[in-house]
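Student: Shown below is the structure under consideration.
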Amino acid sequence: MRSVLNYQLFPLSLLPLKKYQGGIKMLIIDSKDCENIDKALKKYKKKFEKSKVLLQLRERQSFIKPSVRRRGQVLKAIYKQKIASGQIEG
């Protein structure tokens, strides 16, 4: 029988994570007893990066008006079209 440890290395309940089914998503790392804490920390960091929590926090630091956000998306799309058509060398 294999025993599993659950590591919660950072209190994610303090961070505004995506809510699902009325709860808050927590990062839990399952590891074996013989596994090194460094490996568990590495797994945790990868999982944290994939969850994009840091990007959410940076996004929520300041409010961007919807019109400004749309304008940025349009300008980005125009730039991509110019690169695709060969007018601008990227």
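The values are calculated or read from the model by the stated rules, or taken from the named source; none is laboratory data. Treat the numbers as computed from the prediction; the structure is a model and nothing was measured. Virtual Cβ from ideal backbone geometry, glycine too; neighbours counted across all protein chains shown.
Student: Regarding the stretch 73-84, can at least one residue be identified that is within 17 Å of the chain's Cα centre (by Cα) and of a type in the set (A, V, I, L, M)?
Tutor: no
Student: Only residues in the stretch 54-81 that are in a helix (DSSP H, G or I) count as the first member; pair them with residues that are among the polar types (S, T, N, Q), Cβ under 9 angstrom, at least 6 apart or cross-chain, and list the lot.
Tutor: Between residues of the stretch 54-81 that are in a helix (DSSP H, G or I) and residues that are among the polar types (S, T, N, Q), the close pairs are Q81/Q87.
Student: Continuing with the same structure: For the list (1) over 30 Å from I88 (Cα atoms); (2) modelled with pLDDT of 50 or more; (3) outside any helix (DSSP H, G or I); (4) of a type outside the set (G, A, S), I need the number of the one condition that K45 fails.
Tutor: Going through the list (1) over 30 Å from I88 (Cα atoms); (2) modelled with pLDDT of 50 or more; (3) outside any helix (DSSP H, G or I); (4) of a type outside the set (G, A, S), K45 breaks only (3).
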